[in-house]
Amino acid sequence: MDHPADKKLIQKYLLGQCTPDELVTMHTFLLRYDAQEIMDQVWADEWEVFQENEITDQEIYGWKERFLTERLETPMLQSHGAVNTQIQARTNKLWKYAAIWVAITLSVGTYFGIRKYNANEHEHLLVIAMQETVNPYGQRSTIKLADNSVVYLGAGSKLIYPAQFTGNSREITLQGEAFFEVTKNPKKPFVIHTGNIRTWVLGTSFRVNAFADKPLFVEVATGKVRVDQRHAKGKTSLAVLTPGERLNWDNHKAVLTRVNAEDVKEWKNGRLVFNHSTLQELTHVLERWYNVKIKFADPARERLHMTITLTATMPLKQIMEVLASTGRFTYQYKEKAITIN
């Protein structure tokens, strides 16, 4: 390798075995433009170690915060020729998992389940008994999969899944939105296909919203979720999410935000949370949930922003009264058609 941080040094860094001088070298290396490719090579060797061990959400969240802080402080440390010696005080266990957030920060593609998946692609082709559940507007359903995972499928959505899971993974396809409660099985990752985005989990609960021609988002209630983009050159890891985190994917841009984990969980029971959403965005959701057509007599109303929580188990007329009072508008409701003035 044509740089001071060779593979052996990177491995020492992941294990927390670097000397102070070696840590300075590593901090410099992590700022290089080609660090992604190099770390990718090393992480491929270390990923199996990560798979075989457990790590809590708190440990991952703590590492994420700490790594980003170190990365921001690196230029200052270098300019003073100093090193944060507390790095060595961390346990070897946490250092083994450090690369997962190195990978995320540097947009490095990770390898969780990928090699096993590639090695068994022919096995997936043998699956014949596929099932499909399609919800029209105004209808939701609950689906129990063969592994006892539960899917709460939203209105205007479709789920394709096998009658039985075979091979080394559990794979389904989603069009639309759903909340998942996945049965834990470390040996068989649960994979959700939504276009060129794949969401990987071992056992957790989370929501995926992936309607055609709309921004995609994944938000987590419990556990850990990894989101990848599939493209011509392979796969790129977009994020690893922990409870209360949301990934928005729009126009090939990934943005991480915070959400209320309880709100994510309660979506399956009809809690609809809107944060500074336009009235047009809000009414599109109501159209799906209630199978109603909503139009605007005044186009300017479409751009009205609202922050509000609705309960979709209520009658639509009651919800419209709440919206009209909050947004200070009037409306007409006739035969599943609403006009907002």
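The values are calculated or read from the model by the stated rules, or taken from the named source; none is laboratory data. This structure is a prediction, so every number in the text was calculated from the model and none was measured. FYI the Cβ positions are ideal-geometry reconstructions off the backbone, even for glycines, and counts take in every protein chain you see.
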What are the residue pairs meeting all of these: first residue in the range 279-308, first residue at pLDDT 95 or above, second residue small (Gly, Ala, Ser) and in a strand (DSSP E or B), Cβ atoms under 6 Å, and 6 or more apart or on different chains?
LYS293/ALA337
Among (1) farther than 20 Å from GLY138 by Cβ; (2) touching a helix residue (DSSP H, G or I) at 6+ places or on another chain (Cβ under 6 Å); (3) among the small types (Gly, Ala, Ser) - the single one ALA300 does not satisfy
(2)
Restricting to the range 307-316, name every residue that is more than 25 Å from the chain's Cα centre (by Cα) and surrounded by 12 or more Cβ atoms within 10 Å (Cβ to Cβ).
MET314, LEU316
Would you point out the residue of the range 169-227, among those that are modelled with pLDDT under 95 and among the basic types (Lys, Arg), that is farthest from TRP289 (Cα to Cα)?
LYS187
The one condition in (1) in a strand (DSSP E or B); (2) exposed (fewer than 13 other Cβ atoms within 10 Å of the Cβ); (3) not assigned by TED's automatic domain parsing to the domain that holds GLU219 that ILE294 fails to fulfil
(2)
The condition of being within 24 Å of the chain's Cα centre (by Cα), of a type in the set (Lys, Arg) and in the same structural domain as LYS158 (by TED's automatic domain parsing) holds, among ARG288, ARG258, only for ARG258
Quick one: which of SER169, SER149, SER141, SER157 is in the same structural domain as LYS224 (by TED's automatic domain parsing), in contact (Cβ under 8 Å) with a residue 12 or more places away in the chain and in contact with a Pro (Cβ under 7 Å, 6 or more places away or on another chain)?
SER169
Evaluate the following for THR339: is it over 26 Å from LEU153 (Cα atoms) and surrounded by fewer than 18 Cβ atoms within 10 Å (Cβ to Cβ)?
yes
Quick one: what pairs do we get from the range 184-201, first residue free of Cβ contacts under 8 Å to residues at least 12 places away in the same chain and surrounded by 19 or more Cβ atoms within 10 Å (Cβ to Cβ), second assigned to a strand (DSSP E or B) and aliphatic (A, V, I, L, M), C-beta under 8 Å, 6+ apart or different chains?
none
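Name the strands (runs of 3 or more DSSP E) wholly inside the range 187-280 in which the number of residues that are of a type outside the set (Val, Ile, Thr) and farther than 24 Å from VAL134 by Cβ is 2 or more.
Details: elements: 190-194, 197-201, 205-210, 216-222, 225-231, 234-241, 245-250, 253-258, 271-278.
The strands (runs of 3 or more DSSP E) meeting that bar are 225-231, 234-241, 245-250, 253-258, 271-278.
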